[in-house]
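Colleague: Input: one structure, supplied below.
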Amino acid sequence: MRDMSNLNFSIKQLLEMSACTNCQVCADVCPAVTASQDGALSATYRMKGLNRILRSRTGLFRKLFRKKEPSADAWNQFSNTVFRCTLCGNCEEVCPVGIHLRELWLSLRHDLVDSSYYPPKIDMIRDNLDESHNVFAEDNEERGDWVEDMRNAPDHGYIKAKAEVVYFTGCVAAYFPLAQKIPMALAEILEFSGVDFTLMGEQEWCCGFPLLGAGLKDMLQKFIDHNLAAVRAKGAKKVVFACPSCYQMWREYYPQQFEIAHVTQFLLKRVREGKIPLKELPLIVTYHDPCDLGRGARVFDAPRELIQSIPGVKFVELSENREACKCCGGGGNLEMIDAGLSKEIARQKIEAVMDTGAQAVITSCQQCVRTMATFVKRNKVPIEVLDITQLVQRALDR
Ligand code: SF4
Ligand code: SF4
């Protein structure tokens, strides 16, 4: 390991860390702690470890107080807790001191990768993205192949040379069979509503979110530059996303060269303008706020209004909703690092969903659909898991 400084953390972060009062409020709301019953996964434990590490390697501090660098075992143990986190941001939401914890966890992952203390799966994420430009190591030329499974898809497969709107699909929706129903639904709705849109096909690369979550921030720029150039080449003014993590990346890490919108906002506007007529759909539904859309982008109302704009749909809230909504277990690359923990968090989520008495749980994220639908299918739970695009597709008054 090379001699590390604390430069992966901003001055603001270092100041924030010193303000932690160890109140442990963050641990009470952490889905990873509840599911694992392991306090070492909590934000408060992580803050203590982080402070110890930072002090031990700050040159002057180390000399004055004879602080020793933690052993390799201690580093590895600590790293193991840091990557077993869904990056859901629940801890940040409740922290009374206002520490920007989610951003801190991202910097910490980056720092651990720089220090060479990270889970081996991180190398796989790096290689997959570097070689294939998608997180599944699939052929990127096949990114738009889901269109072939659509009935009545146009010959151009929704890939046009120029269009007003680009639909940025994201890796999960493009490649994962359970999630491919989302782009199929959205393409049908956009077509039905007369939107001049295009996909980017193989010209779309991963938005970069898995790199950020894996502590590989240094690789991001290549992906950002490529995607911006690909959208520009389409002459588009607007980019829409069904994936909250792609949307989050474009909001926070991409220079703002285009109008961007999550699909819940985009579709709600068109419904209000009367451009998407909807028919009666008798169904009791609840809504799961995806972490990156809810706590991340503060989009809470648009999905609820969109759901309730469908006649016949009865909407019931989860007991923990909006800012307090618990992660489904699919965030932060957790599934790749600790699939068992991810599954246990999904179990908690589905139990909460079942408590509402709803017939279907609606969300607006392909990763949430993938996590919840996989759990429901494997455990034969009698509940339907739908993305909001699928719900709207079902209600289209054709
Ligand atoms: S809630 Fe904030 S102040 Fe309290 S222990 Fe967690 S990080 Fe520290
Ligand atoms: S981001 Fe979520 S999973 Fe990670 S420590 Fe905070 S509350 Fe726990």
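The numbers here are math on the coordinates, done by the rules we state, and not lab data. Remember, it's a predicted structure, so these values are computed and weren't measured experimentally. Cβ sites come from the backbone with ideal geometry, for glycine too, and all protein chains shown count toward neighbours.
Colleague: Find the relative contact order for the chain and round it to a whole percent, using C-alpha pairs within less than 8 Å whose residues are 6+ positions apart.
Modeller: Working: 672 pairs, mean separation 65.7, N = 398.
Relative CO of the chain lands at 17 percent.
Colleague: Let me ask you something else. When the chain is fully extended, how far beyond the present Cα-Cα distance does residue 131 get from residue 72, taking 0.36 nm per residue of separation? Can you show the working numbers first?
Modeller: Values: separation 59, 0.36 × 59 = 21.24 nm, distance 3.04 nm.
Here the answer is 18.2 nm.
Colleague: Find how many whole Å separate the alpha carbon centroid of the range 220-239 from the alpha carbon centroid of the range 65-144.
Modeller: 26
Colleague: Would you mind pulling out the separation of the Cα centroids of the range 335-398 and the range 253-301, in Å?
Modeller: Rounded to whole Å, the Cα centres lie 17 Å apart.
Colleague: Right, another one. Which order do 115, 245 fall in if you start with the one that has the fewest other Cβ atoms within 10 Å?
Modeller: Numbers: 115 18, 245 29.
So the residues, fewest neighbours to most, are 115, 245.
Colleague: Something else now. Which translational diffusion coefficient, to the nearest whole µm²/s, is obtained for the chain from the Stokes-Einstein equation, given a Kirkwood hydrodynamic radius over C-alpha pairs, 25 °C and 0.890 mPa s? List each step's numbers first, then the result.
Modeller: On the way: Rh = 21.9 Å.
Roughly 112 µm²/s, to the nearest whole number.
Colleague: Find the all-direction average of the projected area of the Cα convex hull for the range 11-118, expressing the result in square nanometres with one decimal place. Walk me through the intermediate numbers first.
Modeller: Details: hull surface 26.7 nm².
Dividing the Cα hull surface by four gives the mean projection, 6.7 nm².
Colleague: From Cα pairs below 8 angstrom and at least 6 apart in sequence, can you work out the relative contact order of the range 223-357, rounded to a whole percent?
Modeller: Values: 151 pairs, mean separation 26.3, N = 135.
Taking the mean separation of contacting Cα pairs over the length of the range 223-357, I get 19 percent.
Colleague: Let me ask another. Any idea what % of Cα-Cα pairs in the range 90-230 are farther than 25 Å?
Modeller: Numbers: 3958 of 9870 pairs.
Tail fraction, whole percent: 40.
Colleague: Same structure, new question: Please give the FRET efficiency for residue 12 paired with residue 384, using the beta carbon to beta carbon distance and R0 = 51 Å, rounded to the nearest 0.05. Display every interim value, and only then the final one.
Modeller: Working: r = 44 Å, r/R0 = 0.86.
Once the sixth-power term is evaluated, E becomes 0.70.
Colleague: Also, I was wondering about something else. Distance from the Cα centre of the range 145-207 to that of the range 1-57, in angstrom?
Modeller: Centre-to-centre distance over Cα atoms comes out at 40 Å.
Colleague: Still on this structure: Put one equal scatterer on each alpha carbon of the range 203-251, apply the Debye formula with no solvent term, and list log10 I(q)/I(0) at q = 0.19, 0.31, 0.32 1/Å to two decimals.
Modeller: -0.61, -1.28, -1.31
Colleague: Extent of the range 276-395 along each principal axis, from alpha carbon coordinates, in Å, largest to smallest?
Modeller: 43, 32, 24
Colleague: Eigenvalues of the Cα gyration tensor times 5, then square-rooted: what semi-axes does that give for the range 181-282, in whole angstrom, largest first?
Modeller: 28, 15, 12
Colleague: How much of the DSSP beta bridge set in the chain is antiparallel, as a percent to the nearest 5? Mind dumping the intermediate values first?
Modeller: Values: 1 of 23 bridges.
Beta bridges within the chain, antiparallel portion: roughly 5 percent.
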